Amino acid sequence: DGAPSNPLLDGLNPQQREAVEYRGPALLILAGAGSGKTSVLTRRIAGLLSSQDAWPSQILAITFTNKAAAEMRDRVESLIGQAAEGMWISTFHSACVRILRREAEHFGFTKNFTIYDSADSRALIKRIIKDLEADAFGFTVSSVSGKISRLKNELNDVETYARNANFNDPAERVFAQIFRMYTSELQRANAFDFDDLIGQTVFLFRAFPQVAAIYQRRFRHILVDEYQDTNHAQYSLIRELTKPIDAHVAEALEAGEGYRSSQREPNGTIAGASLTVVGDSDQSIYAFRGADIRNIVEFERDYPRSKVILLEQNYRSTQNILSAANAVISNNFDRKDKKLFTTIGDGEKIVGFTGYSQHDEAQFIADEITTLHDGGLDYKDIAVFYRTNAQTRALEEIFIRSAIPYRVLGGTKFYERAEIKDVMAYLIAVANPADPMALRRIMNVPKRGIGPATEAALQLHADKHEQTLRDSLRQADQLGLGPKVTGAILGLAGLLDEVTLRVETAKVADILEAILKRTGYVELLRASRDPQDEARAENVEELLAQTKEFNTRNPDGTLLDFLTEVTLVAAADDLDDSSGTVSLMTLHTAKGLEFDTVFLTGVEEGLLPHQMSAGEPGGPAEERRLFYVGITRARRRLYLSLAMTRAQFGDVNVAMPSRYLQEIPTELIDWRQSPGSANSRGGTQPRALNARRDSIGSGFNSGFSSGTGSGAGRAASFDRGGGSGYGYSSGPSATALARAARNAEKKTEWTNRVTGTVRDNGDLTLAVGDRVKHDDFGEGTVKSVTANGPKSIAEVQFDEAGRKRLLVKIAPIEKL
Ligand code: ATP
Ligand code: MG
């Protein structure tokens with residue numbers, strides 16, 4: 001179009017280009033998955049810098065994870081070909097920690113505050129509930145922490161809560177007391193919980209306009225990714241940061257600094273920062289349906305001169321994947337229909353698979369991954385998603401057996417291990433002497449004879465003298481305790497005080513080394529006869545290695561910086577080391593990411609939608625959005641899998657295919673083994689499947705009716721031997737299986753309506769020595785039989801397939 005070529009705009013479509021070039025007060029980009037929202041945000045930052053419309057220090061970009069922030073920074077720097085130091089690209093939480101570390105002293109905290117993660121804050125809540133005997137009113141740790149979190153996200157502090165509470169209701173009175181105590185304990189510990197990081201920053205800005213003005217003037221361009229998931233507190237933070245600065249605040253600020261900035265308007269004010277937000281209301285997965293609508297309504301109210309840009313081309317996925325996603329999400333009402341198109345082409349069909357059990361499902365996935373890998377696909381281009389963390393076990397077991405390198409994102413975190421928490425507690429205790437939580441954890445670690453009674457005496461002393469627990473440690477000799485325990489306490493106090501002295505100047509690794517040396521922690525683990533302790537010692541050494549690595553990355557990094565980094569590492573952040581491994585993660589963690597090949601597992605009622613969502617208003621719609629997020633992560637290949645039975649919490653349940661599966665047009669899915677055919681062998685035993693399908697009509701079953709021709713795929717899946725179907729070689733116990741049988745009976749409705757084919761052998765009984773024929777394993781001899789009736793389990797030595805345990809009632813077997 002004759003415009004001079006600008007490499008930053010290369011390849012962008014007209015709407016994307018407009019978004020990158022826009023200069024004005026507020027820009028809202030609302031668009032579907034994979035339409036380039038994040039890419040546009042990144043290019044926009046690069047554009048602002050290269051056109052010199054902004055200095056790096058004037059930019060604040062908010063991403064969903066620290067990892068996304070690092071990636072965005074890298075991309076901006078590679079786009080403009082120079083380091084852009086001074087840019088703040090971070091999560092809401094990280095940005096707020098930076099602000100609070102600088103400003104906390106304005107309101108009674110010090111910059112070395114501790115950040116309580118959810119485990120810490122739950123521990124505190126647990127103590128408070130116990131102290132107040134609040135469990136008598138039905139309060140649990142979860143209910144209280146959920147309620148406090150919701151209140152804080154709505155920017156309600158104790159005072160506001162107490163003002164509005166109905167004090168005729170004893171439960172509300174008790175809750176107000178819990179909330180008050182929780183707040184004052186945090187304050188006393190010089191600690192913030194996660195929600196405080198945002199909420200307290202908002203309060204800080206509102207209470208101290210001259211502090212707010214520092215940041216309002218500094219950040220001239222604020223950009224927020226994943227806007228649909230911001231909560232009210234986060235929204236308010238953005239609102240505060242983009243407010244104009246009035247003339248006399250600007251005057252005072254600049255008088256203090258001795259210069260007058262060029263940003264002042266003729267009337268002396270400083271205009272509010274320019275704001276860009278990008279989001280997709282179909283991907284709102286952290287709030288009830290109202291939340292994102294409110295944020296957008298608020299946006300249009302608070303930024304009346306905003307420009308709205310819609311992006312309609314998807315650059316990520318094939319048409320088949322996109323069509324499935326569009327079909328699913330169109331079942332949510334109350335949404336604006338988006339027209340998303342792609343020019344990538346239809347691509348492969350989505351692959352569907354129904355396993356007998358989660359082991360069978362996992363085995364299928366492992367086999368597919370192996371085949372894809374053999375065909376040249378890198379493991380790192382493959383991801384496996386699930387709704388709940390509990391689903392990883394079956395996957396991990398089989399991946400290990402199949403020698404597939406994998407990594408679980410946000411799963412059992414290194415920093416959640418006991419020995420790591422112990423050592424971290426030492427670091428926290430020296431960084432923030434006011435924090436009793438860390439101190440309590442290490443009081444008797446390693447063992448030094450300080451028991452609960454002594455701890456209580458120390459706490460009592462602290463309360464009486466209105467001092468910290470740490471102060472009491474130093475005064476242990478005034479408590480009338482025995483000489484040995486007094487000596488131990490004073491020893492600990494001395495150790496901590498000595499290391500604390502070095503906090504400001506020493507490197508993190510040196511501080512940690514000093515602690516390990518003085519406590520002998522690693523040697524004690526090494527000397528232990530518990531075989532686990534050797535691994536624990538190695539973990540601690542790994543932590544030491546991490547501190548060294550931190551020092552290399554951040555030559556000026558302090559202990560506080562290290563602790564902040566560790567506490568704020570979000571689930572998706574360990575993606576860095578993903579080279580050469582398959583990534584396993586929850587659907588929530590998958591947000592914003594993309595992979596060549598995606599396995600979306602456990603597409604069953606109860607998991608997706610999750611049973612917990614049933615009672616929530618808007619719950620199933622939110623779960624559908626989660627499913628939509630999962631589907632739209634895939635570039636070229638998408639697998640949807642489920643299991644007919646699933647063991648959870650020691651129970652085995654018959655699972656129903658997710659209602660969302662029916663929302664995908666049949667022709668988009670190639671069922672390798674469909675819910676309708678999972679128990680019918682291709683060709684050999686037609687059973688009642690086809691007849692039944694005719695009789696119930698095309699409605700409910702239509703999504704699953706492409707089961708023909710699945711025989712080969714299924715036969716292949718059994719060549720592997722163990723772990724398949726009801727022929728468990730590992731997995732649920734006999735009692736669990738028996739329970740499954742009971743549940744199977746209860747759920748005949750499902751079997752009738754959906755599968756139409758679950759085998760029911762009626763009262764078939766087997767005896768030792770009987771010859772049987774199994775659809776998959778061929779012929780074999782019964783070696784043992786337990787119980788009778790529906791719980792009966794037979795162990796069969798198959799001539800070719802080896803020894804299997806079978807649930808007689810439903811296994812596809814015949815007596816010969
Ligand atoms: P999500 O909603 O999942 O967060 P998104 O809207 O942020 O998605 P991006 O991740 O920015 O989308 O982009 C999706 C993919 O499309 C990326 O691989 C990106 O590089 C690519 N892409 C974006 N815009 C273009 C374009 N104009 N030309 C080619 N590829 C593009
Ligand atoms: Mg994105």
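Every number here is computed from the coordinates shown, using simple stated rules; none is lab data. Since this is a predicted model, take the numbers as computed values, not measurements. Cβ sites come from the backbone with ideal geometry, for glycine too, and all protein chains shown count toward neighbours.
A few notes on this one:
- Pairs from the list LYS126/LYS484; LYS517/LYS548; LYS130/LYS152; LYS773/LYS809 with a Cα-Cα gap above 26 Å: LYS126/LYS484.
- Its relative contact order, with pairs defined as Cα atoms under 8 Å and 6+ residues apart, puts the chain at 14 percent.
- Cα-centre dipole for the range 425-477 with unit charges at Cβ (Lys and Arg positive, Asp and Glu negative), debye to 20: 240
- Between the residues THR354, ASN332, GLN319, the greatest Cα displacement towards the positive end of the dipole of the range 309-388, with unit charges on the Cβ of Lys, Arg, Asp and Glu, is found for ASN332.
- With the convex hull drawn over the C-alpha atoms of the range 421-517, the volume per residue is 88 Å³.
- Assigned charges on the beta-carbon of Lys, Arg, Asp, Glu; the chain dipole about Cα centre (debye): 1220
- Listed by chain and number, the lysines placed with their C-alpha closer than 23 angstrom to that of LYS37 are LYS67, LYS307, LYS336, LYS338, LYS339, LYS591; residues fewer than eight positions away on the same chain are left out.
- Summed residue charge, Cβ within 12 Å of LYS517's Cβ, Lys/Arg positive, Asp/Glu negative: -3
- Summed residue charge, Cβ within 12 Å of ASP10's Cβ, Lys/Arg positive, Asp/Glu negative: +2
- Shape call, the range 273-355: gyration tensor on alpha carbons, a/c limit 1.5: prolate
- The charge dipole of the range 49-107, taken about the Cα centre with unit charges on the Cβ atoms of Lys, Arg (+1) and Asp, Glu (-1), comes to about 160 debye, rounded to the nearest 20.
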